[in-house]
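All remarks here apply to the structure that follows.
The values are calculated or read from the model by the stated rules, or taken from the named source; none is laboratory data. Keep in mind that what you see is a predicted model, and the values were worked out from it rather than measured. All Cβ positions, glycine included, derive from the backbone under ideal geometry; neighbour counts span all protein chains shown. Accessible surface is based on the protein model in full, side chains and every heavy atom, while ligands, DNA and RNA are left aside. Shrake-Rupley method; radii C 1.70, N 1.55, O 1.52, S 1.80 Å.
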Amino acid sequence: MSHKVRIGVIGCGSFARYHFRQFQSVKEAEITALCDIVGSQFDVAREAFPELRGVPTYDDTGQMLAAGGFDAVLVSTPHTLHRDQAVACLDAGYHVLVDKPLATTAADCRDLIAARDRNGKVAAVSYQRHGLATFRYLREEIASGRHGRILGLNSHLTQQWLQFTGGTWRQAPALSGGGMIGDSGSHMVDVLLWATGLKASRVSSMMDFRGTPVDIDSVTSIAFEGGAYGTLTVIGDACLWHERHHVWLERSAFVLEEQDLLIIDEQGRHVRVSHWPADLSPEQNFVDAVLRGVEVLAPFEYGLRTIELTEAAWKSAAQGGTPVSVASL
């Protein structure tokens with residue numbers, strides 16, 4: 001491989017253009033192929049990113065994979081398409097970066113892990129919080145053991161998701177696989193599991209679809225392996241965006257809100273941490289993993305853990321809140 005990672009992109013819609021901006025800051029990355037079933041997306045992308053003019057375009061994933069000219073693929077399409085597209089990329093011999101969520105069922109996530117392993121390729125999920133200094137610090141502090149074991153936690157996310165996604169594929173179950181908890185809420189589920197190192201065991205959830213085909217508001221209770229408990233509140237028809245995480249351990253409590261982390265020890269002392277080293281983007285980490293073999297910050301296994309909890313929440317809500325065992329998925 002050359003000193004650059006050449007990237008083909010499947011799906012050139014609005015969030016792919018976010019990735020284009022991120023890849024611009026990665027000096028060893030170059031986008032060399034574009035694929036989308038809607039041709040006008042190419043025009044919008046080229047208008048925003050003139051460097052893409054002249055890059056080959058395709059309206060079929062198979063044609064793009066057969067033509068080649070790249071080393072890795074970004075999959076940035078509606079959620080239910082991820083499994084088949086990413087497996088095809090891996091089986092064709094390409095490294096893969098997949099937008100969240102990795103897939104919409106635990107079975108599909110396992111298929112993706114198997115495809116990665118049989119092909120020996122770098123594969124990552126684009127979970128930005130794995131590279132954010134705040135969450136990395138929280139994860140390291142919890143993993144150190146000096147605060148004791150986790151007793152309980154809660155996370156919440158509020159957003160104007162209902163209004164922003166109306167009339168789009170995100171509210172169409174055949175393409176999205178579900179609503180807010182599997183979309184923006186996927187970041188909350190992921191970071192809750194990744195930062196704590198916990199694994200969900202049983203899940204109970206109540207959801208309100210707010211007159212749409214997908215979940216908008218949800219409150220989910222979680223029993224974790226090892227005895228900890230937690231709650232996740234995701235409100236998609238809120239008046240504003242807000243995110244907060246609380247973690248209670250035997251000897252400390254953590255409150256993380258935006259870029260501010262409050263640590264309260266067992267004597268009641270408050271320590272506030274608000275200055276952080278530079279963050280690492282999923283795009284930079286992915287390129288570094290391909291070129292230099294560095295550790296993937298968000299491997300497919302965390303995509304699986306996230307969907308295990310999410311799928312269990314969907315099933316529980318469909319059963320009126322009856323607890324669902326993650327092992328049953």
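The residues listed here are L52, L81, L153, L132; of these, the one that is touching a Leu at 6+ places or on another chain (Cβ under 9 Å) and crowded, with 23+ Cβ neighbours inside 10 Å is L153.
Name every residue in the range 9-28 that is over 20 Å from the mean Cα position of the chain (by Cα) and either within 18 Å of T57 (Cα to Cα) or surrounded by fewer than 15 Cβ atoms within 10 Å (Cβ to Cβ) (or both), in order of residue number. Within the range 9-28, Q24, S25, K27 qualify. Restricting attention to the range 95-124 and to residues that are under 15 Å from the mean Cα position of the chain (by Cα) and polar (S, T, N, Q), the residue that is surrounded by the fewest Cβ atoms within 10 Å (Cβ to Cβ) turns out to be T105. Just one of the numbered conditions (1) among the polar types (S, T, N, Q); (2) in contact with a Ser or Thr (Cβ under 7 Å, 6 or more places away or on another chain); (3) under 24 Å from I150 (Cα atoms); (4) open to solvent by 10 Å² or more (accessible area, probe 1.4 Å) is not true of S205: (4).
The single condition among (1) buried (at least 17 other Cβ atoms within 10 Å of the Cβ); (2) of a type in the set (G, A, S); (3) out of contact with any Lys or Arg (no Cβ under 9 Å at 6 or more places or on another chain) that A66 does not meet is (1).
Among the criteria (1) surrounded by fewer than 22 Cβ atoms within 10 Å (Cβ to Cβ); (2) in contact with a Lys or Arg (Cβ under 9 Å, 6 or more places away or on another chain), the one A238 does not fulfil is (2).
Please enumerate the residues belonging to the range 209-237 that are among the small types (G, A, S), over 21 Å from the mean Cα position of the chain (by Cα) and assigned to a strand (DSSP E or B).
Pass one, the range 209-237, residues among the small types (G, A, S): 211, 218, 221, 223, 226-228, 230, 236.
Subsequent filtering for residues that are over 21 Å from the mean Cα position of the chain (by Cα) retains 211, 223, 226-228.
Selection gives A223 alone.
I need the full set of residues from the range 314-327 which are assigned to a helix (DSSP H, G or I) and in contact with a helix residue (DSSP H, G or I) (Cβ under 8 Å, 6 or more places away or on another chain), in order please. Within the range 314-327, W314, V326 qualify. Could you tell me whether any residue of the range 229-249 is more than 27 Å from G145 (Cα to Cα), out of contact with any helix residue (DSSP H, G or I) (no Cβ under 6 Å at 6 or more places or on another chain) and of a type in the set (F, W, Y)? Within the range 229-249 (the criterion being more than 27 Å from G145 (Cα to Cα), out of contact with any helix residue (DSSP H, G or I) (no Cβ under 6 Å at 6 or more places or on another chain) and of a type in the set (F, W, Y)), the answer is yes, since at least one residue qualifies.
Within the range 36-48, is there a residue that is farther than 30 Å from S201 by Cβ and under 22 Å from the mean Cα position of the chain (by Cα)?
Residues of the range 36-48 that are farther than 30 Å from S201 by Cβ, as a first pass: 36-48.
Adding the requirement that they be under 22 Å from the mean Cα position of the chain (by Cα) leaves 36.
The answer is yes; a qualifying residue exists.
Within the option set P299, P282, P323, being modelled with pLDDT of 95 or more, within 20 Å of E225 (Cβ to Cβ) and within 16 Å of the chain's Cα centre (by Cα) holds for one residue only, P299.
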